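Visitor: First the structure, which I've put down as structure tokens, then a few questions once you've had a look.
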């Protein structure tokens, strides 16, 4: 008697798909766990909640994109993903260096341990490029804006136009450095214009070439991805103990989270800058192709690794500069908290001013929140600048206004 044929086995899922499903399951749990630990004031989650939130977000989006499309940055092009990370840190640190002149934001509440602080800053900034690109990738799986067609002739690339765009980009870079109080918004278009002109002249894929072909889907998705990431950046920063605070001229009041309302307009063009910078890296053969719809190019892995190491090394002096000129306070340690009385501890927690802020205010006889809240801001600024003393740097006028507003809200 013949035996029946064996039942057909269901095809096994590829390893990447199983990993993607695991990521989609575990990454949200990691986010919720870090959120709970941040609320409970458990370190390192309290100080670095921003880092845990962003990496949970990036991982879940990568897994989701893979399950929807069958490919993703991390799971399908891991080398490109990993090499973008040091370049992401270096790219954002360029804006940190520019901010030494603009003075549009500063950092407070960072951990007191120098090595942990350095690594936290580096890992935080490494999320910038992948965060934007993963968001745009997910939007692409829904074919957003694919049916839209533009007037390609209006965006036709010519050498004369490319030269004008490059000159405009350099003007956007130089004017904020010369006139930081009034021209600071231009910096958020400078690198995009400079790199777009160069990519277009070389015939490389770019935002401009997409528009010249009448296909605005990628630029439009990036603009939307920038807006989404902006809300994530600001909301997760607001709840973290280590955070940035904005002191943008003319926009110090009326904020959503820590960002002035008008400041959210800068995130969509910033996403375009991220894309153009990464396209320049691919054009220069410094990172592999990361976009799913493009063929991979033959490149030297050794050369790319060397350049990625160079980008990482550039971050060291830049982060040192951030700590010297942009970081205004470190978190109060448990030992320090035990030595502070209730009034000084409450003052310390106002706008996370730290020991430096307490010392400057104490030098002008302000030692409690009530005293800070009752002082007129302009006379307090003048007295701090003329008679105050404390650890470097000297408090700026916008920083003192932040302290005063926080004290009044607390009181």
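Every read-out reported here was derived from the displayed coordinates using simple, explicitly stated rules and does not represent laboratory data. Because the structure is a prediction, the values reported are computed rather than measured. Neighbour counts are summed over all protein chains in view; Cβ atoms, including those assigned to glycine, are modelled from backbone coordinates with ideal geometry.
Visitor: Take the Cα gyration tensor of segment 267-390, multiply each eigenvalue by 5, square-root it, and list the three semi-axes largest first, rounded to whole angstrom.
Guide: Equivalent-ellipsoid dimensions as semi-axes: 49, 17, 14 Å.
Visitor: Right, here's the next one. Pick out which of 151, 104, 237 has the largest mean-square fluctuation in a Gaussian network model of the chain, springs linking Cα atoms closer than 10 Å.
Guide: Most flexible of the set in this elastic network: 151.
Visitor: Just want to confirm a number: the relative contact order over segment 296-404, from Cα pairs under 8 angstrom separated by 6+ residues, in percent.
Guide: Averaging sequence separation for qualifying contacts and normalising by length gives 23 percent for segment 296-404.
Visitor: Please give the residues of segment 208-238, grouped as numeric ranges, whose backbone N is less than 18 Å from a label point set 7 Å along the Cα-to-Cβ vector of residue 147.
Guide: Counting backbone N atoms under 18 Å from the label point, the list is 215-218, 220-221.
Visitor: Write down Rg/Rh for the chain, rounded to two decimals, with Rg from the C-alpha atoms and Rh from the Kirkwood relation over Cα pairs.
Guide: In the chain, Rg relative to Rh is 1.04.
Visitor: For segment 105-326, what number results from the quotient of the Cα radius of gyration and 2.2 N^0.38 Å? Don't skip to the answer; put the middle values down first.
Guide: Working: Rg = 18.7 Å, N = 222, 2.2 N^0.38 = 17.1 Å.
Ratio of Rg to 2.2 N^0.38 Å for segment 105-326: 1.09.
Visitor: Pick from 20, 334, 40: which residue has the top mean-square fluctuation in a GNM of the chain where Cα pairs under 10 Å get a spring?
Guide: Evaluated over the chain, the most mobile residue of the options is 334.
Visitor: For the chain, what is the calculated [θ] at 222 nm in deg cm²/dmol (nearest 500), taking -39500 (n - 2.57) for each run of four or more DSSP H residues and dividing by its residue count?
Guide: -20500 deg cm²/dmol
Visitor: Under the definition of Cα pairs under 8 Å and six or more residues apart, what whole-number percent is the relative contact order of segment 105-326?
Guide: The normalised contact order for segment 105-326 reaches 26 percent.
Visitor: To test your reading of the geometry: what angle, between 0 and 90 degrees and rounded to tens, separates the Cα axis of helix 267-283 from the longest principal axis of the chain?
Guide: 50 degrees
Visitor: Let me ask something else about it. Given the Cα atoms of segment 332-404, and with Rh set as the inverse mean 1/r over their pairs in the Kirkwood sense, what is Rg to Rh to two decimals?
Guide: 0.94
Visitor: Next up: Cα centroids of segment 334-358 and segment 375-403: how far apart, whole angstrom?
Guide: Using only Cα atoms, the two centres lie 17 Å from each other.
Visitor: When you count, for each residue, the other Cβ atoms within 10 Å and take the mean per peptide, how do 188-198, 289-299, 28-38 rank with the highest first?
Guide: Listed from highest to lowest mean packing, they are 188-198, 28-38, 289-299.
Visitor: In whole percent, what relative contact order does the chain give with Cα contacts below 8 Å and a gap of six or more residues?
Guide: Averaging sequence separation for qualifying contacts and normalising by length gives 18 percent for the chain.
Visitor: Separation of segment 168-196 and segment 248-265 by C-alpha centroid, Å?
Guide: 19 Å
Visitor: Between residue 17 and residue 256, what length in nm is gained on full extension when 0.36 nm per residue of separation is reduced by their alpha carbon distance?
Guide: Values: separation 239, 0.36 × 239 = 86.04 nm, distance 3.85 nm.
Between residue 17 and residue 256, full extension yields 82.2 nm more.
Visitor: Here's another thing I want to ask about it. Given the options 326, 247, 141, state which has the largest fluctuation in a GNM of the chain using a 10 Å cut-off (strictly under) for Cα springs.
Guide: Among 326, 247, 141, the largest GNM mean-square fluctuation belongs to 141.
Visitor: Let me ask something additional. Output the 0 to 90 degree angle, nearest 10, between the alpha-carbon long axis of helix 397-410 and the longest principal axis computed from the alpha carbons of the chain.
Guide: In the chain, helix 397-410 runs at an angle near 80 degrees to the longest axis.
Visitor: Okay, next question. Can you order the peptides 69-79, 83-93 by their average number of other Cβ atoms within 10 Å per residue, highest first? Let's see the in-between values first.
Guide: Working: 69-79: 18.3, 83-93: 22.6.
So the order, starting with the most tightly packed, is 83-93, 69-79.
Visitor: On a 0 to 90 degree scale, rounded to 10, what angle separates helix 15-39 from the longest Cα axis of the chain?
Guide: Tilt of helix 15-39: around 10 degrees.
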